[in-house]
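Worksheet for the structure shown next.
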Amino acid sequence: MTSDKKNIALLTEIFVKKGLKHIIISTGSRNAPIIISFANHPDVEALSIVDERSAGFFALGMAQQTKQTVAIACTSGTAALNYAPAIAEAYYQKIPLLVLTADRHPYMFDMGDGQTIRQKNVYANYIKNSFELPLEIKTEQELKKAAELINEAINLTMYPDFGPVHINIPFAEPIYNQIESLFSEITVFDNKAENENLPEVDIQYFSKIWNKSRKKLLIAGMMDENKYLSGLLKKITADKSVFLLTETTSNIDDGVACSCIDKIVSTITEDETAQFQPDLLITFGGPVVSRVIKQFIRKNRPTHHWHIDHVETKMDTYHCLSAGISLLPETFFEQLLPNIILVENSYKNLWMEKSKRSEHKHIKYLASAGYSDLKVFETLLRHIPEGSDLQLGNSTPVRYAQLFKPIKKLYYHSNRGTSGIDGVVSTAAGAAYSSKKPTTLITGDLAFFYDSNALMNNYLSKNLKIIIINNSGGGIFRFIEGPDTTGKLEQFFEAKHNFKVKYIAKAYGVPYYATTNLSELESKLKTFYLLQNDKPAILEIFTPNEINANILKNYFKFLKE
């Protein structure tokens, strides 16, 4: 059975014929035709999540893992606005979402009727494109035109330029009628694969600059694991004039590069700056967490900066972009390699020595550091099972992660597209549901409380472990410059509180554990990862907020000494 509304019945059939199957539906009445069409289809897995904001991030987590378009669908009115944070994150992180919003009959707009707002193009600034299906489809020509629109919309979510696309769907009363399938044959249009290679003249141009440059710095941003790219980078960085900086969220083998950017760059003195300043900077991947490297490059600009991305070629993070290269990074480096002339100099060794020195100081400081967020993170990274997905809250957790060299194989993820506080628990829940892999979320207390509706969910997986570092507020505001000079740190920046997760976990029937010191933490973690439940588990770690900030500030001072 399907809805008698041809617009949504057609959309459902094309969605399925494109090989897609996942949709997250939030409760409502106006979206009844969407529910009827998708939830009744035998080839669709339809999930019901009440909170639209949580549903959007849950879908984002699913799509993050599968690399396939996931649909989200809601009723009319302000329900659609609650998708906005997840859509913005998907846009900047390049995650494929198909956003379906049910709407009222057009003549109902601005007439004082309930759940009626102007929904067309409502996500205009952070969506790849917005479409609206016709209220009615009466002729074969109208059917063909609607099918073309739907095909275009779904294709836009997909490779090579992943991202969110919006389809607004008006429905007239009645909205609950069901009929047998409306369509026997439907045309599906797929994206055309393009030949992705640089012309030989361009390769020669870039090779000439590469070979003339004495100091070459590569910086990798957020990306999924890519073993082929890692292999190419290993060959590229054999050149002694080349050094590669990555972050944990780059998911590049640490044996090829250095993933602890802040730990190295923060120790470069004024006298050393000219030695580390690159002639050629090459960037690839998504956003970079480190503010330190951004500030360093912006102050010490290279002669050339190339950014490699098969879609986004104009991302000028360091304010010195000279060329955008529209290729996959592995394609560019594959073409460049045969033309490289190895350079004998000390640039790579300079970075390596600085890295070794910082790592030595790091180990020495941690050995005597007191109980704090920093020590907690060191302990957590030792206990998370090998091969796990690690979802990081995008304030202090993702920053702490950058200070530790990987000691085991983990797959790092974080919502660093827009780096908002919202949706971290829901994203991890969606990722765990989809991947079925052991998944650990490390988040701060404010981010957890902000997204605690993520637990109001019938699809929480037993492979998900939620770790909350509760330092009674926004800990980051105690160690960044500025907030402590305003006299409003605790109330308005840190949002100091005494909230605990225990009773939220109890309300949703999620197993809960708590620790207040390192010995407790070591003991609890050993059993935390061995628990056999049919639900996820929560571990709340209480840490001292003022001591946390002092220990981290002293850590960076110690590295520089």
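Just so it is clear, none of the values below were taken in a lab; they were calculated from the coordinates. Source: prediction; values computed, not measured. Note that each Cβ is placed from the backbone with ideal geometry, even for glycine, and that neighbours are counted across all protein chains shown.
Explain nothing, just the number: dipole magnitude of segment 200-353 about its Cα centre with +1 on each Lys and Arg Cβ and -1 on each Asp and Glu Cβ, in debye rounded to the nearest 20. Write down the numbers at each step before the final one.
Numbers: 17 positive and 20 negative charges, 81 e Å.
Magnitude of the dipole: close to 380 debye.
Taking the Cα centre of the chain as origin, work out the dipole magnitude from +1 charges on Lys and Arg Cβ and -1 charges on Asp and Glu Cβ, in debye rounded to 20.
Values: 62 positive and 61 negative charges, 361 e Å.
Magnitude of the dipole: close to 1740 debye.
Counting other C-beta atoms within 10 Å, which of Leu559, Leu182, Leu281 has the fewest, and how do the rest follow?
Details: Leu559 21, Leu182 18, Leu281 24.
Final ranking by Cβ density, sparse to dense: Leu182, Leu559, Leu281.
Give a residue-ordered list of calculated ³J(HN,Hα) values for segment 303-316 (Karplus: 6.51 cos²θ - 1.76 cosθ + 1.60, θ = phi - 60°; whole Hz; x for Gly, Pro).
Values, residue by residue: 5, 10, 9, 10, 10, 9, 7, 6, 10, 8, 9, 10, 6, 9 Hz.
Write down Rg/Rh for the chain, rounded to two decimals, with Rg from the C-alpha atoms and Rh from the Kirkwood relation over Cα pairs. Provide the component values of the computation, followed by the final result.
Details: Rg = 25.4 Å, Rh = 25.4 Å.
Here Rg/Rh amounts to 1.00.
Quickly estimate the mean residue ellipticity at 222 nm for the chain, helices only: each DSSP H run with n ≥ 4 gives -39500 (n - 2.57), and the total goes over all residues, rounded to 500. Kindly include the intermediate steps, with their values, before the conclusion.
Working: 19 runs with 201 residues, N = 561.
It lands at -10500 deg cm²/dmol.
Quick one: order Lys535, Lys436 by neighbouring beta-carbon count within 10 Å, fewest to most.
Lys436, Lys535
Share of antiparallel DSSP beta bridges in the chain, in percent to the nearest 5? Let's see the in-between values first.
Numbers: 2 of 66 bridges.
Antiparallel bridges make up about 5 percent of those DSSP assigns within the chain.
Taking θ = phi - 60°, what integer Hz values does the Karplus form 6.51 cos²θ - 1.76 cosθ + 1.60 yield along segment 128-135, in sequence order, with x for Gly and Pro?
For segment 128-135, the Karplus-derived couplings read 5, 6, 10, 10, 9, 6, x, 4 Hz, x marking Gly and Pro.
Considering amide H positions built from the backbone, and no H for Pro or chain starts, which residues 5 or more places from His305, or on another chain, come under 5 Å of its amide H?
Here the answer is Leu281, Ser322, Ala323, since their amide H atoms fall under 5 Å of that of His305.
What ranking of Thr303, Thr157 emerges when the number of other C-beta atoms within 10 Å of each C-beta is taken as an exposure proxy, fewest first? Please report the intermediate quantities before stating the final value.
Numbers: Thr303 15, Thr157 26.
In increasing order of surrounding Cβ atoms, one gets Thr303, Thr157.
Under 5 Å between amide hydrogens, which residues at least 5 positions from Ser48 or on another chain qualify, with H placed 1.01 Å from N in the peptide plane?
Distant-sequence amide H within range of Ser48: Ile25.
Please grab the % of Cα pairs in segment 200-353 that end up more than 19 Å from each other. Don't skip to the end; give the middle numbers.
On the way: 5738 of 11781 pairs.
Distances greater than 19 Å cover 49 percent of the Cα pairs.
Hey, if you put +1 on the Cβ of every Lys and Arg and -1 on every Asp and Glu Cβ in the chain, which of Cys258, Ile95, Gly393 ends up farthest toward the positive end of that dipole?
Cys258
To the nearest Å, what is the center-to-center distance of segment 360-380 and segment 130-170, using C-alpha atoms only?
53 Å
For Asn471, list long-range residues whose amide hydrogen, built 1.01 Å from N in the peptide plane, is under 5 Å from its own amide hydrogen.
HN-HN under 5 Å from Asn471: Asp445, Thr543.
If a helix is a whole DSSP H run, which ones in the chain reach 20 Å or further along their own axis (Cα) and hold a mean Kyte-Doolittle hydropathy of at least -1.0? If you can, show how the numbers build up before the last one.
Details: long enough: 52-66 (21 Å, -0.04); 140-156 (24 Å, -0.38); 347-368 (33 Å, -1.41); 545-560 (24 Å, -0.41).
Both cut-offs are met by 52-66, 140-156, 545-560.
Put +1 on the Cβ of every Lys and Arg and -1 on every Asp and Glu Cβ in segment 170-325; which of Ala238, Ser213, Ile325 then has its Cα farthest towards the positive end of the dipole?
My answer, from the dipole projection, is Ser213.
In terms of Cα to Cα distance under 16 Å, which lysines are near enough to Lys120, apart from those fewer than 8 places away along the same chain?
Excluding near neighbours in sequence, the set is Lys128.
Which one of Phe449, Asn463, Ala495 is farthest out on the positive end of the charge dipole of the chain, using unit charges on Cβ (Lys, Arg +1; Asp, Glu -1) and the Cα centre as origin?
My answer, from the dipole projection, is Ala495.
Roughly how big is segment 199-283's charge dipole about its Cα centre, with Cβ charges of +1 (Lys, Arg) and -1 (Asp, Glu), in debye to the nearest 20? It would help to have the intermediate numbers written out before the result.
Values: 10 positive and 13 negative charges, 84 e Å.
Result for segment 199-283 is approximately 400 debye, rounded to the nearest 20.
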